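These notes concern the structure reproduced below.
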Amino acid sequence: MRDAQLIINRAALLHNLQLVKQYAPHSKVLAMVKANAYGHGALIIAQTLEPHVDALGVAFLAEAVALREAGIRCPIAILEGVFTPEELTQALDLGCYLVVHQAQQLDLLADYQGQHKTSIWFKIDSGMHRLGFLPQEAIPAYQRLQTIDCVRELILTSHFACADDLSSDKTREQLAVLDALHLQLHALARSFANSAAILAWPQSHHQWVRPGIMLYGSSPFATQTANDLQLQAVMHFQTKLIAIKHIAAGETVGYGSTWRADRATRLGVIAVGYGDGYPRHIQTGTPVLINGQRAPIVGRVSMDMLTVDITDIEAEYGDTVILWGDTLSIDEIATYAHTISYELACQITTRVERIIL
């Protein structure tokens with residue numbers, strides 16, 4: 001068995017969900033479990049959340065099918081919607097909510113001959129410019145949706161481009177667009193708030209909120225940590241120290257000999273690499289945690305291993321090494337990789353052993 005382990009803490013997940021409900025006490029919760037629950041494991045996360053949320057969110061139909069086949073019964077919203085008559089029939093047979101964001105999907109709904117009805121999440125492009133009807137297209141699209149038999153209810157939805165940037169005016173601009181449109185649409189229920197908006201834009205909460213990254217214990221803001229927000233890490237990535245080496249000053253380490261020791265150095269070899277999903281391009285100096293002490297990565301990350309300088313800390317063969325988790329934030333490690341925590345969590349590979357707490 002490989003030494004690398006991914007420990008998933010369900011108590012932390014439920015703690016973070018409770019924070020969502022504290023911030024948005026009057027809103028229903030559509031919990032994001034797309035992309036394998038941000039790398040945490042879609043089924044275990046869905047099973048944990050199902051009794052406590054109003055619906056689960058996935059990106060596309062296959063993700064919904066997998067959850068239904070595994071026994072998940074609560075409503076599932078498909079955020080990209082469906083694209084063929086066969087997908088529409090299957091989605092409605094499974095009782096899924098559907099996001100509708102373009103005219104072709106209106107045609108699919110209008111042509112449906114089955115007996116099922118569902119909630120349609122009517123998506124507006126309020127400024128993100130990715131998916132959604134433009135505001136000037138919304139009224140005729142809305143009027144057409146009202147005539148389609150399989151539409152049980154309509155929920156107005158959109159997505160914020162800059163909710164995590166409190167210095168930007170973009171969210172206010174998008175809210176103004178959406179508020180103006182809402183007045184014309186006969187008081188539809190609304191769903192706009194992602195994690196950042198749940199935490200920072202209470203005027204966006206409305207009837208449904210859609211938490212994602214905050215459920216998993218990561219901050220959506222560059223200027224606030226998870227600890228600042230009282231979020232708890234759900235994912236704990238750890239491995240073992242599998243060898244110790246001593247090298248002289250002037251010796252190099254790893255592929256390409258990119259790091260050179262400026263002193264006699266005690267090296268630790270750690271059982272994790274980019275084959276496990278740890279980022280190959282991460283900076284030299286990125287910390288890992290051994291016995292509560294920080295040790296910097298030196299040299300390039302290999303497929304199965306990486307090396308750290310343990311000259312100045314107490315560390316021995318077989319010690320546990322924390323790559324990120326509750327004592328070393330994934331958000332901090334993401335800054336060393338010039339990325340965001342979402343990507344780090346999503347790219348952990350299947351050869352890492354999963355342990356569920």
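The values are calculated or read from the model by the stated rules, or taken from the named source; none is laboratory data. If you're wondering where the values come from, they're calculated on a predicted model, not measured in any experiment. Cβ placement follows ideal geometry from the backbone for every residue including glycine, while neighbour counts extend to all protein chains displayed.
Could we say that residue 54 is touching a residue at least 60 places away in the same chain (Cβ under 8 Å) and either assigned by TED's automatic domain parsing to the domain that holds residue 194 or of a type in the set (Phe, Trp, Tyr) (or both) here?
The answer is yes for residue 54.
Within segment 1-11, work out how many residues are farther than 16 Å from residue 352 by Cβ and buried (at least 21 other Cβ atoms within 10 Å of the Cβ).
Residues meeting the conditions: 0.
Quick check on residue 145: is it more than 17 Å from residue 30 (Cβ to Cβ) and either free of Cβ contacts under 8 Å to residues at least 24 places away in the same chain or charged (D, E, K, R) (or both)?
Against the criterion (more than 17 Å from residue 30 (Cβ to Cβ) and either free of Cβ contacts under 8 Å to residues at least 24 places away in the same chain or charged (D, E, K, R) (or both)), residue 145 does not qualify.
May I ask you to verify whether residue 311 is surrounded by 14 or more Cβ atoms within 10 Å (Cβ to Cβ), more than 25 Å from residue 40 (Cβ to Cβ) and hydroxyl-bearing (Ser, Thr, Tyr)?
In short, yes.
Collect the residues in segment 247-277 that are charged (D, E, K, R), in contact (Cβ under 8 Å) with a residue 24 or more places away in the chain and assigned to a loop (DSSP other than H, G, I, E, B), keeping them in residue-number order.
Answer for segment 247-277, where residues must be charged (D, E, K, R), in contact (Cβ under 8 Å) with a residue 24 or more places away in the chain and assigned to a loop (DSSP other than H, G, I, E, B): just 263.
Could you tell me how many of the residues in segment 172-197 are assigned to a helix (DSSP H, G or I) and either touching a Ser or Thr at 6+ places or on another chain (Cβ under 8 Å) or more than 26 Å from residue 343 (Cα to Cα) (or both)?
Looking only at that region, the number is 14.
Is it the case that segment 108-119 has a residue that's within 26 Å of residue 342 (Cα to Cα), touching a residue at least 12 places away in the same chain (Cβ under 8 Å) and in the same structural domain as residue 27 (by TED's automatic domain parsing)?
Among the residues of segment 108-119, not one is within 26 Å of residue 342 (Cα to Cα), touching a residue at least 12 places away in the same chain (Cβ under 8 Å) and in the same structural domain as residue 27 (by TED's automatic domain parsing), which makes the answer no.
When you scan segment 212-225, do you find a residue that is in a strand (DSSP E or B) and closer than 30 Å to residue 295 by Cβ, even just one?
no
Determine which member of the set 224, 230 is out of contact with any Cys (no Cβ under 9 Å at 6 or more places or on another chain), without any contact (Cβ under 8 Å) to a residue 24 or more places away in the chain, more than 21 Å from residue 46 (Cα to Cα) and not assigned by TED's automatic domain parsing to the domain that holds residue 142.
After applying the criteria, what remains is 224.
Within segment 283-296, track down each residue that is surrounded by fewer than 23 Cβ atoms within 10 Å (Cβ to Cβ), in a strand (DSSP E or B) and without any contact (Cβ under 8 Å) to a residue 40 or more places away in the chain.
The answer is 289, 293, 294, 296.
Can you tell me which residue is nearest to residue 56 (Cα to Cα) among those in segment 68-96 that are in contact (Cβ under 8 Å) with a residue 12 or more places away in the chain and out of contact with any helix residue (DSSP H, G or I) (no Cβ under 9 Å at 6 or more places or on another chain)?
75
Surrounded by fewer than 18 Cβ atoms within 10 Å (Cβ to Cβ), under 26 Å from the mean Cα position of the chain (by Cα), more than 22 Å from residue 222 (Cβ to Cβ) and without any contact (Cβ under 8 Å) to a residue 24 or more places away in the chain: does that describe residue 280?
yes
Matching residues to (1) under 16 Å from the mean Cα position of the chain (by Cα); (2) part of a loop (DSSP other than H, G, I, E, B); (3) under 29 Å from residue 212 (Cβ atoms):
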site: 313; (1), (2), (3): no, yes, no
site: 316; (1), (2), (3): no, yes, no
site: 323; (1), (2), (3): no, no, yes
site: 327; (1), (2), (3): no, yes, yes
site: 331; (1), (2), (3): yes, no, yes
site: 335; (1), (2), (3): no, no, yes
site: 339; (1), (2), (3): yes, yes, yes
site: 342; (1), (2), (3): yes, no, yes
site: 345; (1), (2), (3): yes, no, yes
